[in-house]
Structure formats: structure tokens, C-alpha cells
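> Have a look at this one.
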Amino acid sequence: MGMGSNGELKYEISQNAYIKLVLHSLRHKTAAVNGILIGRVSPKDDGVVEISDSVPLFHSNLALLPPLEISLIMIEEHYVAQGLSIVGYFHANERFDDVELCGVAKNIGDHISRYFPQAPILLLNSKKLEALSKGKERSPVMQLCVKDASKNWRVVGADGGSKLLLKEPSANVVLSDYISSEKWKDVTDVDDHLDDVTKDWLNPGLFN
């Protein structure tokens, strides 16, 4: 299968990449937060983008471009040695009930898609996240947004669950456990690192 339009692409996110982003949003519940998706186009199937890691970015001043630019360079430099690059963007809105893609998210998504045209935006769906605690949610607690033919961001419809796949089927179970043990308190983002360089944005100990 050749690399078709974004609508035909599937995005497969690893458990750790997925959980790290959700925990980051829970750590800063009353703020908008964002993150970067790391991965590559699958060597086996070029219709699949494999998201193998994620980097929690900011929880304040999301719209400021200079810190974003610095962060993207820093992130890219770290992962390039592993044959990985920036493949997308994650966003969680400030308000719990807000499931719209805001201007800031679109702008950063646009910025990333200049370098990786297939880049999606994953938008946290708080209602799904809430259902998770009741053990009812099997699909990712994120909405998949891609660029359509006219270069506008759109949410992939109700069938979009099949386009965003959890690599490990148990990811939501593990996420639930982490939420109940308040593991989100341990997440460090790039914001924290820029304030205090001893804080490691790679979160090496998070899943120990």
C-alpha cells in the first residue's frame, strides 16, 4: 500500500507513549497541556505511522513559539540517533468539557506537519478518560485529528477509533492502575526542565 492521504493512514501508539501523555494532562488538570509524538513510518507497512514514544511539552504559555522551537530541536536531536523523529502533536484543552481543536493546537500541528506531512494531532477526550475509571473504555482516550485534502484539520469521525490503535491492548488497564496510584505526580515536562535543568524531560524512571 502506498502512502495515501492522511485519511487512509493508521496511527499505532505504544503503551508508554500513550500513558505518558495522559498522565501529563492529569498532572496539570486545570491547564491546557501539550506533547510531542515520536516515531516513524512503519518499515513493514507504509500505511502505518508507529508512535513509539512521547515527550510532555508545556503546561503554561503553550502558544509561545521560541520555547517550542528550542524544544523541538532538542527533542529531534535526542531521537535522531535512534532512527526516530517527531511525527505528531498531542493537546489537552484547559476545560474538561472542551473537545474542540483550538487555534494553538492547529498552529503547532501545522508547524510539525511541515516536517512530517502525515503528522496527526491527538486531542485528549476527557469524557472517555472519565469512562476509563469505570472500566468501560477500551479505545484510546484521544481523538485523532488529521489534515484533509484542503489542508484543514478535522476530527476523524466515530469510525476514527480504528485509525488510532493502541499497540498494547492492555494500555487502558495499565493507565487506570497508574491513575489510581497517582503516578501522574512523577511526570516531568519540558517546561519543568527549562525551569530546572536537573529535571529530566525524558522521564527515564516513570515506568520503573
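The values are calculated or read from the model by the stated rules, or taken from the named source; none is laboratory data. Not measured: the values here are computed from a predicted model. Heads up, the Cβs are rebuilt from the backbone with ideal geometry, glycines too, and the neighbour counts pull from every protein chain shown. The accessibility values were calculated without ligands, DNA or RNA, using every heavy atom of the protein model including side chains. Shrake-Rupley method; radii C 1.70, N 1.55, O 1.52, S 1.80 Å.
> Is it fair to say LYS127 is outside any helix (DSSP H, G or I) and either modelled with pLDDT under 95 or farther than 28 Å from HIS78 by Cα (or both)?
no
> Could you check region 42-52 and list, in sequence order, the residues that are in contact (Cβ under 8 Å) with a residue 40 or more places away in the chain and loosely packed, with under 13 Cβ neighbours inside 10 Å?
Across region 42-52, the qualifying residue is only ASP45.
> Just to be sure, is SER176 surrounded by fewer than 18 Cβ atoms within 10 Å (Cβ to Cβ), assigned to a helix (DSSP H, G or I) and over 15 Å from the mean Cα position of the chain (by Cα)?
Yes, satisfied.
> Which pairs turn up if I take residues in region 12-24 that are charged (D, E, K, R) and look for partners that are open to solvent by 10 Å² or more (accessible area, probe 1.4 Å) with beta carbon separation below 6 Å, at least 6 apart in sequence or on another chain?
GLU12/VAL48; GLU12/GLU50; GLU12/LEU165; GLU12/LYS167
> Kindly establish whether GLY39 is surrounded by 24 or more Cβ atoms within 10 Å (Cβ to Cβ) and either farther than 14 Å from GLN118 by Cα or free of Cβ contacts under 8 Å to residues at least 40 places away in the same chain (or both).
no
> Let me ask another. Can you pull out every residue in region 53-72 that is touching an Asp or Glu at 6+ places or on another chain (Cβ under 9 Å), closer than 19 Å to ILE19 by Cβ and either of a type in the set (Lys, Arg) or open to solvent by 30 Å² or more (accessible area, probe 1.4 Å) (or both)?
Result: HIS59, single match.
> Let me ask something else. Which residue pairs have Cβ atoms closer than 8 Å, lie 6 or more positions apart in sequence or on different chains, and pair a first residue in region 81-107 that is at negative phi with a second residue that is open to solvent by 40 Å² or more (accessible area, probe 1.4 Å) and among the basic types (Lys, Arg)?
LEU84/ARG40; SER85/ARG40; VAL87/ARG40; ASP97/LYS127; VAL99/LYS127
For (1) of a type outside the set (S, T, N, Q); (2) out of contact with any Leu (no Cβ under 9 Å at 6 or more places or on another chain), each residue gets a yes or a no:
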site: SER133; (1), (2): no, yes
site: SER139; (1), (2): no, no
site: SER162; (1), (2): no, yes
site: PRO169; (1), (2): yes, yes
site: SER176; (1), (2): no, no
site: PHE207; (1), (2): yes, yes
